[in-house]
Amino acid sequence: MKVELFEMERMQSMYERVVDYELSESGVHALRLSELLGGEDAAKAFLEIPLGYPHADGTPGLRAAVAATYRKASTENVFVTNGSSEANFIAAWHLFEKGDEVALMTPNYAQMWGLAKTWGLKIKPLWLKEELDWQFDLEDLKKVVTKKTKVIQVCNPNNPTGAIMGEKQRKALLDAAKDSGSWLLSDEVYLGAEREAPLTESLWSDYEKTLITNGLSKAYGLPGLRIGWLVGQPETLSAVKHHHDYLTLTPAAPSDRLATLALEPKKRKQIFARTRAILQKNYPVLKEWMDAHGDLFHHVPPAAGAICYIRYNMKINSVVLSERLRKEKSVLMVPGDHFGMDGYMRIGTGPPKDYLHAGLDRVDELLRELQAGKKR
Ligand SMILES: Cc1ncc(COP(=O)(O)O)c(C=O)c1O
């Protein structure tokens, strides 16, 4: 089977550890294991974890800790996976069938788009519009979601725009899913990474055809644990698990334990406060840098995520710009083309502040060369 190329992930896998300045990541810089454990007793206990196969669904303790972060969810509503990407994958594998119609929030993390293309589904984009501060138009929703829609997939808070779905949109989306009888699949991995706004409300509700995916990679700054999860009705989850049996079988035992620590209410609060502090410190660095370039850049301030989606006023294709930055200046950024939109770049604001400054200085070098019309 020919697999649709997941351009952004392939680019990151190849270059994120090679470049001097990695500004393609969308989460905040990671916590250290010692910070998460937070003391000798916890460290000692961690060393005693048996390395046998853990619970296939995630330990009941971890599932209960995840459930406690949702309104009206219990352990039976949670299934732990290896990253939210695996949660997304098995949800799609369960729901997507050739010929089905799916409504995909666009722009979006391109995993669902790629899977839908690979498996021969009909994709109807639900566009987020810059002039609406990256919300979707309610009239568009009416056109895109019909009785033929099998799944509506959204990413909230959104990658790459950093927008949090507005209240009107949220209500209309839930109504549209119910009226059309479609599945609502919501990727919420940036929930908890709000810069100023209060914690985003999950789309988890009493609508039974709902599946939420989430994990520890972005808002928690713990991508190395590779812990994600699905929240759904127990009958749905038991069907989804059949797919997991052909994949990774279980989460990793040490990660399951560490994730349980991260989700303890006090720890979770501390971690989210750390994330917010990083975003509040770093976004102004990027904003100041953009402002210093006059009308070269335009952006809507991101509400969540360590990302900023920038429209640039230069006659250069976004992939060409991204490749020149990587090859000539050793800086990695995601071109808008990877989200189906030329003329944009996604810049990560999650690294330590000095690193971000230094990375942007390198970008300036190329911008000066471009402006001087220097040919390579
Ligand atoms: C919206 C979204 N979902 C899922 C993922 C994958 O996350 P994980 O590391 O939890 O697999 C990403 C990674 O960038 C993402 O942006």
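The values are calculated or read from the model by the stated rules, or taken from the named source; none is laboratory data. Quantities reported herein were computed from a predicted structural model and do not represent experimental measurements. Neighbour counts are summed over all protein chains in view; Cβ atoms, including those assigned to glycine, are modelled from backbone coordinates with ideal geometry. Quick note on the areas: whole protein, heavy atoms, side chains included, nothing else; ligands and nucleic acids left out. Shrake-Rupley method; radii C 1.70, N 1.55, O 1.52, S 1.80 Å.
Among DSSP beta bridges whose residues both lie in the chain, state the antiparallel percentage, nearest 5.
50
Assuming a ≥ b ≥ c are the square roots of the Cα gyration tensor eigenvalues, decide whether region 1-129 counts as rounded (a/c under 1.5), prolate (otherwise, with a/b larger than b/c) or oblate.
Cα axes put region 1-129 in the oblate bin.
Per DSSP H run of n ≥ 4, the term is -39500 (n - 2.57); total these for the chain, divide by its residue number, and report the mean residue ellipticity at 222 nm rounded to 500 deg cm²/dmol.
One gets -12500 deg cm²/dmol as the mean residue ellipticity at 222 nm.
Which FRET efficiency value, to the nearest 0.05, do you get for residue 207 and residue 247 by plugging their Cβ-Cβ distance into 1/(1 + (r/R0)^6) with R0 = 22 Å?
It comes out at approximately 0.25.
Tally the DSSP beta bridges in region 35-136 and give the antiparallel ones as a percent, rounded to 5.
If I count the DSSP bridges inside region 35-136, around 25 percent turn out antiparallel.
What spacing in nm lies between the two simple spin-label points modelled at residue 35 and residue 98, each 7 Å away from Cα in the Cβ direction?
4.8
Quick one: if the Förster radius is 35 Å, what FRET efficiency do residue 168 and residue 315 give, using the C-beta to C-beta distance and rounding to 0.05?
That pair, residue 168 with residue 315, gives E of 0.40.
Given H placed 1.01 Å from N in the peptide plane, which residues other than close sequence neighbours of residue 124 have an amide H under 5 Å from its amide H?
Amide H to amide H, under 5 Å and 5 or more residues apart or across chains, residue 124 pairs with 102, 103, 104.
How much of the DSSP bridge set in region 51-264 is antiparallel, in percent, rounded to the nearest 5?
Close to 35 percent.
Taking residue 241 as the anchor, which aspartates and glutamates have their alpha carbon closer than 14 Å to its alpha carbon, excluding any fewer than eight residues away along the same chain?
Counting by Cα, and skipping residues close in sequence, residue 241 has these aspartates and glutamates nearby: 57, 76, 86.
How would the chain be classified by its alpha-carbon gyration tensor: rounded, prolate or oblate, with rounded meaning a/c under 1.5 and the a/b versus b/c comparison settling the rest?
It is oblate, given that a/c is not under 1.5 and a/b is not larger than b/c.
How many lysine pairs does region 275-376 hold where the Cα atoms are under 14 Å apart and the two sit 8 or more places apart or on different chains?
4
Could you order peptides 320-326, 212-218, 233-239 by the average number of other Cβ atoms within 10 Å of their residues, highest first?
Highest to lowest by the protection proxy: 212-218, 320-326, 233-239.
So what is the accessible area of region 51-264 per residue, in Å², with the probe set to 1.4 Å?
39
Arrange the peptides 343-349, 283-289, 163-169, 99-105 so that the one whose residues have, on average, the most other Cβ atoms within 10 Å appears first.
Those peptides, ordered most packed to least, come out 343-349, 99-105, 163-169, 283-289.
Rounded to the nearest percent, how much of the accessible area of the chain (1.4 Å probe, protein heavy atoms only) is carbon and sulfur?
Reported share for carbon and sulfur atoms: 54 percent.
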